[in-house]
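Below is one structure, written out as structure tokens, with a few remarks after it.
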Amino acid sequence: MMLGPDKRAIVCRTEDGFVEKVTPVKPVKDRFFLWRLPFFRGIAGFFSAMVNGVKAISFSADQLPEDMQEQPGKLDLWIERHFSDETAQKIIIGIAVVLGIALSLLLFLLLPTVIVGFIPGLKESFYWRTLVEGIVKIAIFFVYLLLCSRLKDMKRLFAYHGAEHKTIFCYEKGLPLTVENVRPQGKLHPRCGTSFIFVVLIISIFTGSFIHVSDTIARTGLKLLILPVIVGVSYEINRWVGRHDNVLSSILSWPGKQMQRITTNEPDDGMIECAIRALELVIPEEAGSDKW
């Protein structure tokens, strides 16, 4: 999936060639003036990316041969029976997004807080507790990515992720979009979602030091309340890093890039061709209108 200033493209590679889906995009910032402002635009962008990511995966799954597609569950069948196709799809995607966010909150917010809450001597030492919670968060995130990278389907997904990064690098350098030009490009990009999530974790460690509450449930609730602030600040940091190339931006982007070593694999030529086609479909007619 590639996103341009006015179009979004999803390209899937099948036995019969590429299957393409291009939809016009109305940027979130144009829907409500608040989403144009720093900090708020990061919150809107985060949820927009979640929804569109689920839509892209759903579209990709639909391209599989029927004998390889998963049979819909009971909930999906009930929704499809009681709602129109368009409404049913929106409901199913909404449920998937909610479940995805809930799983993230469980793993990276609730679980570290609960684990550290059982460690004697840390309950009242808020700064040390925040530090240990942060270490546990990063450890869980690392193990989670590592386990995902061992799955066969995820290895292919991460290879397509690598193709996406390489193709964007090629385009940003002004080179013709060919397999030969894309292949030698780097696969670690400063604007990657993996880097964004890692920044969220780091910022959450910093903000957690200001929550001087020992009760685990109350502490978790307060962290949940300030999560939009963390997302907004993390987006602005990631945005700044993606637009600058200096010593400070290199330092800030380095940890996230190391995590990308897990979430990006070297793609084959077919994957690169798929990424090139997706990018070609969203390149704007007006040069420079897609500047980050």
Check: What accessible surface, in Å², does a 1.4 Å probe find on His165, ignoring ligands, DNA and RNA and rounding to the nearest 10?
Finding: 10 Å²
Check: Quick one: with all protein chains in place, what share of the accessible area of segment 156-292 is carbon or sulfur, to the nearest percent (1.4 Å probe)?
Finding: 64 percent
Note to self: Using only DSSP helix segments of four residues or longer, with each worth -39500 (n - 2.57), what per-residue ellipticity at 222 nm results for the chain after dividing by its residue count and rounding to 500?
What the structure shows: -20500 deg cm²/dmol
Notebook entry, point to check: What distance in nm separates the simple spin-label points at Glu15 and Glu80, each placed 7 Å from Cα in the Cβ direction?
Noted result: 2.2 nm
Checklist line | Inter-centroid distance (Cα atoms) of segment 230-253 relative to segment 39-110, Å | finding: 29 Å
Next item on the list: Give me the compactness ratio for segment 94-225, meaning the Cα radius of gyration over 2.2 N^0.38 Å.
Entry: 1.35
Check: How many nm is it between the label spots at Asp269 and Leu224, if each spot is 7 Å from the Cα in line with the beta carbon?
Finding: 5.2 nm
Next item on the list: May I ask you to give the solvent-accessible area per residue for segment 48-162, in square angstrom, as obtained with a 1.4 angstrom probe?
Entry: 66 Å²
Note to self: Given N residues in the chain, what is its alpha carbon radius of gyration divided by 2.2 N^0.38 Å?
What the structure shows: 1.08
Next item on the list: Relative to the longest principal axis of the C-alpha atoms of the chain, give the angle of the C-alpha long axis of helix 40-62, reported between 0 and 90° and rounded to the nearest 10°.
Entry: 50 degrees
Notebook entry, point to check: What's the FRET efficiency of Asp6 with Leu34 using the Cβ-Cβ distance as r and R₀ = 25 Å, to the nearest 0.05?
Noted result: 0.70
Next item on the list: Report the one residue of Phe47, Val241, Leu225 whose Cα lies farthest in the direction of the positive end of the charge dipole of the chain (charges on C-beta: Lys and Arg +1, Asp and Glu -1; origin at the Cα centre).
Entry: Leu225
Check: By what distance, in whole Å, do the Cα atoms of segment 218-289 stretch along each of the three principal axes, largest value first?
Finding: 50, 32, 28
Margin query: Let's see if you can work this out: charge +1 on each Lys and Arg Cβ, -1 on each Asp and Glu Cβ, no other charges. What is the dipole magnitude of the chain about its Cα centre, in debye to the nearest 20?
Written below: 1120 debye
Notebook entry, point to check: If the viscosity is 1.306 mPa s and the temperature 10 °C, what Stokes-Einstein diffusion coefficient in µm²/s follows for segment 24-170 when Rh is the Kirkwood radius over Cα pairs?
Noted result: 83 µm²/s
Margin query: Keeping every protein chain present and rolling a 1.4 Å probe, give me the accessible area per residue for segment 229-279 in Å².
Written below: 47 Å²
Item checked: Heavy atoms of Arg13 accessible to a 1.4 Å probe, total area in Å² rounded to 10 -> 90 Å²
Note to self: Here is the link list: Lys155/Lys187; Lys26/Lys173; Lys137/Lys257; Lys155/Lys257; Lys187/Lys257; Lys26/Lys166. Which ones come out longer than 21 Å on Cα distance?
What the structure shows: Lys26/Lys173; Lys26/Lys166
Checklist line | Approximate shape of segment 66-137 as ellipsoid semi-axes (Cα gyration tensor, √5λ), whole Å, largest first | finding: 42, 12, 9
Check: Of Ser84, Ser234, Ser104, which is the most mobile in a GNM of the chain whose springs link Cα atoms less than 10 angstrom apart?
Finding: Ser84
Item checked: Probe 1.4 Å - accessible area at Trp78, Å² to nearest ten -> 120 Å²
Next item on the list: May I ask you to rank Tyr171, Tyr235 by accessible area, largest first, using a 1.4 Å probe over the protein chains only?
Entry: Tyr171, Tyr235
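The values are calculated or read from the model by the stated rules, or taken from the named source; none is laboratory data. Nothing here was measured: the structure is a model prediction, and the numbers come from that model. FYI the Cβ positions are ideal-geometry reconstructions off the backbone, even for glycines, and counts take in every protein chain you see. Side chains are part of the model used for accessible areas, which takes the heavy atoms of the whole protein and leaves out ligands, DNA and RNA. Shrake-Rupley method; radii C 1.70, N 1.55, O 1.52, S 1.80 Å.
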